Amino acid sequence: MEALWEQLRNSEIEPESPDWHREELECRDQMIQKGEAHFTPWDEARERVRNRVQ
């Protein structure tokens, strides 16, 4: 992963994000603006991920 990140950082070509990324970010931003977004504290989210992979 580090090698891939280094290659991307040093590249003069900036990768394009697909349209669905922009659409998803806009959707999430609208949810935040409406007060409909739900957030999980990092410690809790990390623990849930750890429990799934065990």
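Values as computed for the structure displayed
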quantity: CD proxy at 222 nm, helix term only [per DSSP H run n ≥ 4: -39500 (n - 2.57); per residue of the chain; nearest 500]; calculated: -21500 deg cm²/dmol
quantity: Sites Glu36 and Glu2, calculated FRET efficiency, Cβ-Cβ separation with R0 35 Å, nearest 0.05; calculated: 0.40
quantity: Fully extended contour minus Cα-Cα distance, from Val49 to Asp19, at 0.36 nm per residue; calculated: 8.0 nm
quantity: Loop sites in segment 1-48: GluC sites (Glu not before Pro), DSSP, at most 11 other Cβ within 10 Å; calculated: Glu12, Glu16, Glu36
quantity: Net charge dipole size for the chain [Lys, Arg +1 and Asp, Glu -1 on Cβ; Debye, nearest 20]; calculated: 400
quantity: Listed values (1) 4, 20, 25, 19, 13, 9, 6, 3, 1; (2) 4, 14, 10, 11, 17, 22, 16, 6; (3) 4, 15, 13, 15, 17, 15, 11, 7, 3, 1, entry calculated as P(r) over Cα pairs in 5 Å bins from 0, in percent; calculated: (2)
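No value in this document is a laboratory result; all are computed from the given coordinates. Because the structure is a prediction, the values reported are computed rather than measured. We place every Cβ from the backbone using ideal geometry, glycine too, and count neighbours over all the protein chains shown.
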